[in-house]
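As structure tokens, the structure follows; a few thoughts come after it.
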Amino acid sequence: MAALPALFGLLMAVVVTGQNLDITPREAVRRVGDDLTVLCKVPYPIDACRMTVGTTSYRLIPNNQEEEIVYAGQGLQHGECGAHIKHIKEEWNGNISCTLPPQTGQIEVIGTMRLLVAKAPANPQLISPPQPAFREGDGFMAQCIVPNGRPAAKITWYLDEVQLLAGIHQPVITSEPGSDLKTISQNVSRTLAPEDNGQKLVCRAEHEALDGPREAARQLVVHYPPKRLESGPITIFGLKLGGEGRLNVTIRANPAPTTEWTVGDLVLIPPRSNEDGSITALEPLHLGGGFYNVTLVLARVAKEDVERTYYLRVTNDLGREEFAVRLSTMDEPAGVELETGAIVGIVIAVLILLIAIILVVFAKATGRWFFAGRSHRTDIPDGADSEAPLPPHDDVKGSENPSHDHGEYISNGDTKHPEKKPDTAV
């Protein structure tokens, strides 16, 4: 019999502790010096409110608001036990527990939330291949490591000021045994292109305990052979006979290219002119970003200059590109550019025309709509004249088919039959 009270007490404990205790928030991240409010609530009045922060237990009284940790909530009679922590301390990192004893009975309800007191991580580290330069098409991989933050830092990758989304790997978060500090690492992989040359790869770390992001970066140097910006022969428009002519060709290359102009039998390597100074090859002018302007100057444009072809060869350590250049005294033809609205209008007009054609073909094939009154005879034998006149009335008397008598035609589908008129007495 002594076991029955113990069993009853155990059941009561299960019932009371199993009631729904709502704790808000269940997890929070705060910097040292920030404030935090934790609220525990049950659906019945409570006798007291106790809150354990760090290693200290506080009995919170609604009317006492002078301490570092004070009561928050609508009152014990509403089942609310809350704590307003005015200034977070580093040593309070960990669990915060609330204890809610009921007004009657001995069973207390306990709830727990997790407080992470933010600790700034160390500076980010960018690990990448040691070589100073790469070639177009090379695979490139780098790793960013941000150690010892609480919680783990957030890593974002940029190429100059443009955020990278492709080639970003899943981050990996680790911690040392017995430590709640987190180290995060993340890789990025990319196939290098000419556009990457001169760009700055940036690993940016953000964290709740930092006033602003921290970065680690490296400059990308990508080498590639000379590249043309337009395909086929190049025509320089708008030159005037007797005036100066400049043949400008824009190319892209890294490292810097060397150039060579061929005019008939004359070969010019900049900076150089022919004997009389009428043709001058200028040094390539770097425009930035690997773009170069290559220019040949004609002191006076003559008719024979317009009729010949000029050849340009551009070379660097990785390859070469050749161009054929022509001159023209005509203005450059204007391209036809259509706005989006005009393109949509043209497409709709074409669709309407196609639908109209389909409807006409369908109506003609089925004899509907405006083709409904046009019928065709289908009972004429092969080889018979469809325009042959009907025989006289006397030739059809006594016929077994009275419908061949003279009269009005009755249309039945595509075949017409004469309707016999009744004899009229004279």
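General observations
- Positive minus negative residues near Phe140 (Lys, Arg vs Asp, Glu; Cβ under 15 Å): 0
- Sequence-distant contacts, meaning Cα pairs under 8 Å at least 6 residues apart, place the relative contact order of segment 149-228 at 32 percent.
- FRET efficiency estimate (nearest 0.05) - Cβ-Cβ, Phe362 to Tyr311, R0 45 angstrom: 0.15
- Per-residue packing, averaged as other Cβ atoms within 10 Å, sorts the ranges 208-215, 142-149 into the order 142-149, 208-215, beginning with the highest.
- Evaluating 6.51 cos²θ - 1.76 cosθ + 1.60 at θ = phi - 60° for every residue in segment 44-58, the Karplus couplings come out as 7, x, 10, 8, 7, 9, 10, 10, 9, 10, x, 9, 10, 9, 10 Hz, glycine and proline recorded as x.
- Accessible carbon and sulfur surface of segment 234-306 relative to its total accessible area, %, 1.4 Å: 51
- Simple spin-label estimate for Lys86 and Ala217 gives 4.4 nm between the two label positions (7 Å along the Cα-to-Cβ direction from each Cα).
- Dipole magnitude (debye, nearest 20) for segment 54-182, charges at Cβ of Lys, Arg, Asp, Glu: 140
- Its Cα centre serving as origin, segment 155-261 has a Cβ charge dipole (Lys and Arg +1, Asp and Glu -1) of approximately 560 debye.
- With protein chains left intact and a 1.4 Å probe, residues in segment 206-347 average 59 Å² of accessible area per residue.
- Amide N of segment 127-164 lying under 16 Å from the label point, which is placed 7 angstrom from the Cα of Val32 along Cα→Cβ: 149-151
- Computed over neighbours whose Cβ is under 12 Å from that of Ile69, the net charge equals 0, Lys and Arg +1, Asp and Glu -1.
- Anisotropy class of segment 224-337 from Cα gyration tensor, a/c 1.5 cut: oblate
- Packing-based order for 91-100, 299-308, using average beta carbon neighbours within 10 Å, highest first: 91-100, 299-308
- Selection from Ala118, His84, Tyr71, by position along the positive dipole direction of segment 16-144 (Cβ): Ala118
The values are calculated or read from the model by the stated rules, or taken from the named source; none is laboratory data. Source: prediction; values computed, not measured. Virtual Cβ from ideal backbone geometry, glycine too; neighbours counted across all protein chains shown. The protein model used for the area step is the full one, side chains on, heavy atoms only, and it has no ligands, DNA or RNA in it. Shrake-Rupley method; radii C 1.70, N 1.55, O 1.52, S 1.80 Å.
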